[in-house]
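J.: Sharing a structure below in structure tokens format, with a few things to ask.
The values are calculated or read from the model by the stated rules, or taken from the named source; none is laboratory data. Computed from a predicted structure; not experimentally measured. A quick note on method: Cβ atoms are made from the backbone with ideal geometry, for glycine too, and the neighbour counts reach across all protein chains shown.
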Amino acid sequence: MMGSHKNERSLFAVSVDLEKRVRRDHPLRALQATLGNLDWVRQEVSQCYGSKGHVSVDPIIIVKMMLLLFLDDVPSERELMGVIAERMDYLWFLGYELDDTIPNHSVLSKARARWGAEIFESIFVRSVTMCVEAGLVDHKRLLVDSSLVQANASKDSVQHGNPKWVAALRAACQAQEAKLDEAPVKGVNATHVSLTDPEATLARKGQQTAHLAYKCHRAVDSAHGVITAVRTTTGQSGDAAQLPGLVSQHQAHAHHKPEVVVGDSHYGSAGNYRSCQSQGIVTHLKPVVAPRQKAGRFGPNDFCYDAAGDTLRCPAGKTLRRHSFKKSEQTIEYRIERREHCLTCPLRPQCTTARMGRTVVLPAQLEVVQAGKEQALSAAAKASYRVRRYCMEGSFADAANNHGFKRARWRGLWRQKIQDWLIAAVQNLRLLMKMITTRPQAGGAVVVLFQRSGLLRPVLALLLLICSFSSDSFQPMPS
């Protein structure tokens with residue numbers, strides 16, 4: 001007989017146990033097991049609160065709400081508070097009961113302003129530490145790349161003005177922000193500024209139309225895709241200048257130096273070759289595309305370098321000597337020893353039209369740079385580029401499709417840093433959650449642990465020895 005349900009509200013909610021209502025294989029249970037005890041959050045933000053006045057929402061609950069915001073890509077904080085009241089799994093994860101009052105959405109924005117960005121960086125760093133301890137980082141290949149993030153501001157808010165006025169407006173907006181670790185704005189951004197979000201800059205990808213954006217730079221370990229370093233800059237910031245910082249972050253967070261750094265031609269600068277080679281890191285960084293030489297003209301590669309005398313020899317056999325060193329760009333200029341050699345040279349039409357003769361500009365520590373380029377053009381580097389292509393694109397695609405990466409939720413560089421750190425932390429936590437849900441049974445976990453530590457064979461031998469002595473008749477152990 002077909003039954004029917006009468007929807008009648010009870011006057012009292014009796015014996016509703018959320019622990020029983022949330023299934024055992026729910027993803028939030030894995031996330032709760034991954035996060036563990038979050039008492040460190042209270043310790044880090046304790047100086048932000050006084051001893052009198054209104055009692056705040058538990059900082060641990062605020063952190064969990066921020067993680068839920070990006071884990072499930074909830075469109076807004078206001079909507080998140082509405083969803084929390086409707087979902088028993090969210091209530092269980094946050095430690096609320098059915099009758100508890102859900103905080104106002106403003107507690108999240110107030111917490112960000114009160115805590116600053118450092119607490120959210122700590123969340124990301126701790127996610128990296130947990131991945132390292134779980135064996136998800138092998139330090140063999142460190143992949144680097146960047147992606148533009150559309151700012152939370154319309155292009156219609158961009159105003160044209162005097163460069164001094166633009167610089168003053170940006171400086172006023174960055175009064176509470178640390179000094180940017182990048183070059184001053186150049187080109188169109190020196191005369192154009194958004195009145196809505198002055199720290200966002202105009203940028204474009206390929207042939208796309210320029211739009212207001214920030215840029216997220218990432219370093220990803222190739223073993224399981226763990227994000228080990230994140231840097232957030234304005235949209236006009238160059239990629240090459242961020243590589244040393246990303247490598248340093250990786251070493252600080254993962255407590256180990258990568259064997260190989262892999263990047264595209266945006267990272268293959270002479271400075272990056274020198275930086276990595278000095279640390280003993282193999283550079284699989286595609287060389288920067290050199291400016292196109294005029295047809296039939298000799299380029300820098302046509303000049304032979306003599307390390308002993310620090311000179312160049314031109315195709316006609318004449319000598320170019322070191323003339324000047326540009327410290328800001330770490331380049332050396334070589335000039336022809338006597339300009340008469342160029343004026344009477346039969347190869348002059350293929351070389352130069354300058355009255356002072358030919359000059360060649362080369363990077364400092366040329367031999368180190370050339371060694372880095374050779375590594376970048378090797379067969380091993382080609383294999384690394386293939387790994388980087390799917391791993392880095394997969395990391396950014398996952399962030400965009402599942403965690404709202406491609407558009408800024410808030411305005412201002414320090415808030416964008418919080419977004420990038422939280423998204424990266426959520427992606428790392430998902431890797432740990434996957435490891436927990438696919439973890440073998442207790443006995444199997446012990447076997448895996450002994451296998452990883454190299455103690456499986458000695459332990460088995462010890463067990464066989466114990467069994468042989470405990471038996472009634474002693475039997476020789478098999479080899």
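J.: So which residues in segment 131-142 are hydrophobic (A, V, I, L, M, F, W, C) and either crowded, with 20+ Cβ neighbours inside 10 Å or not assigned by TED's automatic domain parsing to the domain that holds ARG231 (or both)?
T.: So in segment 131-142, the residues hydrophobic (A, V, I, L, M, F, W, C) come out as 131-132, 134, 136-137, 142.
Listed by number, the residues that qualify are CYS131, VAL137, LEU142.
J.: Right, another one. Run down ARG9, ARG23 and say which single residue is at pLDDT 90 or above and over 24 Å from ILE119 (Cβ atoms). Before the answer, list the steps.
T.: Working: ARG9 fails: at pLDDT 90 or above.
That would be ARG23, the only listed residue that is at pLDDT 90 or above and over 24 Å from ILE119 (Cβ atoms).
J.: In segment 23-76, what count of residues is obtained for those that are among the β-branched types (Val, Ile, Thr) and farther than 19 Å from LEU432 by Cβ? Let's see the steps before the verdict.
T.: If we filter segment 23-76 for residues that are among the β-branched types (Val, Ile, Thr), which is where we start, we get 34, 41, 45, 55, 57, 60-63, 74.
From what's left, farther than 19 Å from LEU432 by Cβ: 45, 55, 57, 61-62, 74.
Looking only at that region, the number is 6.
J.: Looking at (1) in a loop (DSSP other than H, G, I, E, B); (2) of a type in the set (Gly, Ala, Ser); (3) more than 22 Å from SER122 (Cβ to Cβ), which is the one condition that is false for SER56?
T.: Here SER56 meets the rest and fails (3).
J.: Out of the residues in segment 226-265 that are within 22 Å of LEU377 (Cα to Cα) and in a strand (DSSP E or B), state the one that is modelled with the lowest pLDDT.
T.: Ranking the candidates gives SER265 first.
J.: Looking for something touching a residue at least 60 places away in the same chain (Cβ under 8 Å) and not assigned by TED's automatic domain parsing to the domain that holds VAL387 - is there at least one such residue anywhere in segment 305-316? Even if it seems obvious, please write down each step before you answer.
T.: So in segment 305-316, the residues touching a residue at least 60 places away in the same chain (Cβ under 8 Å) come out as 305, 307.
Then keep just the ones that are not assigned by TED's automatic domain parsing to the domain that holds VAL387; that gives 305, 307.
Looking through segment 305-316, at least one residue is touching a residue at least 60 places away in the same chain (Cβ under 8 Å) and not assigned by TED's automatic domain parsing to the domain that holds VAL387.
J.: Could you tell me how many of the residues in segment 67-87 are touching a residue at least 24 places away in the same chain (Cβ under 8 Å) and basic (Lys, Arg)?
T.: The total comes to 1.
J.: Right, something else. So for segment 274-296 (the condition being charged (D, E, K, R), in a loop (DSSP other than H, G, I, E, B) and either free of Cβ contacts under 8 Å to residues at least 60 places away in the same chain or on the phi > 0 side of the Ramachandran plot (or both)), does at least one residue qualify? Give the derivation first.
T.: Of the residues in segment 274-296, the ones charged (D, E, K, R) are 274, 286, 292, 294.
Narrowing further to those that are in a loop (DSSP other than H, G, I, E, B): 292, 294.
Narrowing further to those that are either free of Cβ contacts under 8 Å to residues at least 60 places away in the same chain or on the phi > 0 side of the Ramachandran plot (or both): 292, 294.
Within segment 274-296, one or more residues are charged (D, E, K, R), in a loop (DSSP other than H, G, I, E, B) and either free of Cβ contacts under 8 Å to residues at least 60 places away in the same chain or on the phi > 0 side of the Ramachandran plot (or both).
J.: Could you tell me which numbered condition ALA223 fails, if it satisfies all but one of (1) out of contact with any helix residue (DSSP H, G or I) (no Cβ under 9 Å at 6 or more places or on another chain); (2) part of a helix (DSSP H, G or I)?
T.: That leaves (2) as the condition not met.
J.: Is it the case that some residue within segment 344-359 is farther than 30 Å from VAL261 by Cβ, hydroxyl-bearing (Ser, Thr, Tyr), in contact with a Lys or Arg (Cβ under 9 Å, 6 or more places away or on another chain) and not assigned by TED's automatic domain parsing to the domain that holds GLY238?
T.: Step one: list which residues in segment 344-359 are farther than 30 Å from VAL261 by Cβ, which gives 344-359.
Among the residues that remain, those that are also hydroxyl-bearing (Ser, Thr, Tyr) are: 344, 352-353, 359.
When the remaining residues are screened for being in contact with a Lys or Arg (Cβ under 9 Å, 6 or more places away or on another chain), the result is 352, 359.
Retained after the next criterion (residues that are not assigned by TED's automatic domain parsing to the domain that holds GLY238): 352, 359.
Yes, because at least one residue in segment 344-359 is farther than 30 Å from VAL261 by Cβ, hydroxyl-bearing (Ser, Thr, Tyr), in contact with a Lys or Arg (Cβ under 9 Å, 6 or more places away or on another chain) and not assigned by TED's automatic domain parsing to the domain that holds GLY238.
J.: Related question: Is at least one residue of segment 269-288 touching a Cys at 6+ places or on another chain (Cβ under 6 Å), among the hydrophobic types (A, V, I, L, M, F, W, C), surrounded by 14 or more Cβ atoms within 10 Å (Cβ to Cβ) and within 29 Å of LYS140 (Cα to Cα)? Give the derivation first.
T.: Going through segment 269-288, the residues touching a Cys at 6+ places or on another chain (Cβ under 6 Å) turn out to be 283.
With the extra rule that they be among the hydrophobic types (A, V, I, L, M, F, W, C), the set shrinks to none.
No - not one qualifying residue is present in segment 269-288.
J.: For segment 108-120, which positions are surrounded by fewer than 17 Cβ atoms within 10 Å (Cβ to Cβ) and assigned to a helix (DSSP H, G or I)? Reasoning before the result, please.
T.: In the first step, residues of segment 108-120 are kept if they are surrounded by fewer than 17 Cβ atoms within 10 Å (Cβ to Cβ); the result is 109-110, 113-114, 116, 118.
Answer for segment 108-120, where residues must be surrounded by fewer than 17 Cβ atoms within 10 Å (Cβ to Cβ) and assigned to a helix (DSSP H, G or I): SER109, LYS110, ALA113, ARG114, GLU118.
J.: With the requirement that a residue be within 13 Å of the chain's Cα centre (by Cα) and buried (at least 16 other Cβ atoms within 10 Å of the Cβ), what does segment 390-407 give you?
T.: Scanning segment 390-407 gives CYS391, MET392, SER395, PHE396, ALA399, PHE405.
J.: Exactly one condition in (1) among the charged types (D, E, K, R); (2) in a loop (DSSP other than H, G, I, E, B); (3) touching a Ser or Thr at 6+ places or on another chain (Cβ under 6 Å) is false for ARG321; which is it?
T.: Of everything listed in (1) among the charged types (D, E, K, R); (2) in a loop (DSSP other than H, G, I, E, B); (3) touching a Ser or Thr at 6+ places or on another chain (Cβ under 6 Å), ARG321 misses just condition (2).
J.: Follow-up. For segment 345-432, which helices (runs of 4 or more DSSP H) that fit wholly inside it have 2 or more residues that are under 30 Å from THR129 (Cβ atoms), at pLDDT below 95 and among the aliphatic types (A, V, I, L, M)? Walk me through it before giving the result.
T.: Values: elements: 348-351, 366-376, 379-403.
Ranges flagged: 379-403.
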